[in-house]
Amino acid sequence: MAEEDAPEVELSGEQKKEIAKWFLLHSPGGEIQYVAKDVRSVLDDDGAYGEAASEAFPAYNKAQMICLDMPRGMGEVLITSFGELEENQFLDPRTAQVGIVDHVKQVCTDARPATDEELPSPYIEEFRCALDAEVLKYVGEAYPKGVCSVYSTKGKDVEGPGSDFELAVVIQAARNSPQNFCTGSWRSVWNIEFKDDIQILELRGKMQVGAHYFEEGNVQLDTKHECKDSTIFQSPEDCAISIASIIRHHETEYLGSLEASYTNLPDNTFKVTIYFPRIYGESFQLLAPFSPGITRCSSVLQEISPKNLELKSEITIR
Amino acid sequence: MEAALGLMRRMPPKHTETALSALLSLLPRHSSDLLSQVDQPLQVLCDIDGGKEFILCEYNRDADSYRSPWSSKYHPPLEDGTQPSPELRKLEIEANEIFAIYRDQYYEGGISSVYMWEDDNEGFVACFLIKKDGSKTAHGRRGYLEEGAWDAIHVIEVGPEEDGTAHYCLTSTVMLSLTTDDESSGTFSLSGSIRRQMNMDLSVAEGHLCNMGRMIEEMESKMRNSLDQVYFGKTKEMVCTLRPPAEITQMRMPES
């Protein structure tokens, strides 16, 4: 590799900033503060770091859909692109509050009531609010530490029947246990198109699961799944019930498929990559070529013992 | 340096190479430390003499060339490239032959290479490498996985012989990545590496190769268990903590 011999060229501030941003944006869920500390130290350039942080944190917070406590016990606000009013202002539709956010510190410093212009029309709010209640119930049952929010994403000012509109459901659950060297996150986003003319609701769901285990190593799980479904346009309450049950159905099914992957993969993986001595039990140890007497030459292996011949034939058959 | 290694522990394993090259450009003075302490996915070249494939790593590199364990020639050719002593080269040839059998028995295919070099304190170091591609496109006999790779790196430092025994320090890294992709369950990717160390004082009566081989064999068996636990145990545990399986939720449903 050329790096070692290359003359030491000092990187420009711009290059350093881009590198720092890359590291920050690739932090596993819940670990950006640890990454930030290390990046700052390897960068050794607080100016470049500051710029990188101010660009990377907002993007990371929104991608991870982090959840922040609003001050004065006003509940929580999810940092998502759906709720973004300004770079540091995020709407919580349930409480109609806007959280003022410090992205780099990942805290909500203040909150204010949302203005009428920032909130959906009463007609849309009826659908949104009914769905929020149903999703909240589902999340409370399915996720021990889940957070959810329902946003009006299109046609929030529609006053009554006759126009299309769109809602988005966001579900997030994160775990962070540095003492056990692991973190994990579940994120799902559901877009629901209310098609007034054909009286149909179309749902698009995207689920992502990540896990990181870093004791004596670095192992990461990264899964992604997208799906579609539809149902009929009904009253706000009935829409809410069918949407929540569709979400429940798909997420439960997805969890089932993850579990199936876990059941099938270890076998497949180790079969594909290596032999599991499981097949031969402990006796395989004795047959390994490093044992005394059979270490010297490959052709000796076949003469060494009948057991080895058995093994050889088993290998060929398989 | 500590911060750099901290970052490598957190970056997604599939981006190891990008992360490492970023660190190398930020910390050129630490390049040799970084290259020896951060394990990267193994690359392969073909020996010009025998046509046999060999594995590239930090330990068979000199400048921009890599020494093949089969012909001991550098690829691309390099005059005055570092060579082990004739005695050590003899052991290296033998180790490569035996390790190829070991690899064939345990891995049913794959590529292996062993490199040895003298170290500063009268002992020597040996590096045993195995690479196995288990993806659908690979020549492996069972391609269930969209993508699947197993890279094992075992570095053994062998101390000088004293009263018929020698000290062996084995540091092993296994990098395993697997991805499945299908319509019904989307993409599922598990990747990463684990590293373990083992120290032993052993009699050299049966020769260094026997001792090293048995240590590697024991280590690989331990690491398979660890991989099973970490890859398929710990990450599944995390998923089930985030969203417990249906049976548990259904049990709770009547109350709600």
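The values are calculated or read from the model by the stated rules, or taken from the named source; none is laboratory data. Note that the structure is predicted; figures quoted are calculated from it, not measured. Neighbour counts run over all protein chains shown; Cβ positions are idealised from the backbone, glycine included.
Annotations
- Verdict on A:Gln199 being within 16 Å of the chain's Cα centre (by Cα), of a type in the set (S, T, N, Q) and either on the phi > 0 side of the Ramachandran plot or at pLDDT 95 or above (or both): no
- Verdict on A:Glu215 being assigned to a loop (DSSP other than H, G, I, E, B) and either under 17 Å from the mean Cα position of the chain (by Cα) or under 18 Å from B:Glu237 (Cα atoms) (or both): yes
- Under the condition of being facing chain A (nearest Cβ under 9 Å) and either within 13 Å of B:Ile156 (Cα to Cα) or touching a residue at least 40 places away in the same chain (Cβ under 8 Å) (or both), the residues counted in segment B:176-186 number 2.
- Residues satisfying the stated conditions in segment B:64-87, i.e. outside any loop (DSSP other than H, G, I, E, B) and of a type in the set (S, T, N, Q): B:Ser65
- Output for segment B:36-57, where each listed residue is more than 25 Å from A:Cys182 (Cβ to Cβ) and crowded, with 19+ Cβ neighbours inside 10 Å: B:Leu42, B:Phe54, B:Ile55, B:Leu56, B:Cys57
- Tallying residues that are at the interface with another protein chain (Cβ under 7 Å from one of its Cβ atoms), surrounded by 19 or more Cβ atoms within 10 Å (Cβ to Cβ) and either out of contact with any Pro (no Cβ under 6 Å at 6 or more places or on another chain) or β-branched (Val, Ile, Thr) (or both) within segment B:187-209 yields 6.
- Some residue of segment B:90-103 being among the charged types (D, E, K, R) and in a strand (DSSP E or B): no
- All of (1) assigned to a loop (DSSP other than H, G, I, E, B); (2) in contact with a Ser or Thr (Cβ under 8 Å, 6 or more places away or on another chain); (3) farther than 24 Å from A:Glu237 by Cβ hold for A:Val158 with one exception: (3).
- Just so you know, in segment A:190-219 the residues that are within 14 Å of another protein chain (Cβ to nearest Cβ) and of a type in the set (Phe, Trp, Tyr) include one that is surrounded by the fewest Cβ atoms within 10 Å (Cβ to Cβ), and it is A:Phe214.
- Restricting attention to segment A:159-174, the residues that are crowded, with 20+ Cβ neighbours inside 10 Å and touching a helix residue (DSSP H, G or I) at 6+ places or on another chain (Cβ under 7 Å) add up to 7.
- Qualifying positions in segment A:172-189 - in a strand (DSSP E or B), of a type outside the set (Ser, Thr, Tyr) and either more than 22 Å from A:Phe82 (Cα to Cα) or more than 8 Å from chain B (Cβ to nearest Cβ) (or both): A:Gln172, A:Arg175, A:Asn176, A:Cys182, A:Gly184, A:Arg187, A:Val189
- Some residue of segment A:100-121 being crowded, with 20+ Cβ neighbours inside 10 Å, over 21 Å from A:Val189 (Cα atoms) and of a type in the set (Val, Ile, Thr): yes
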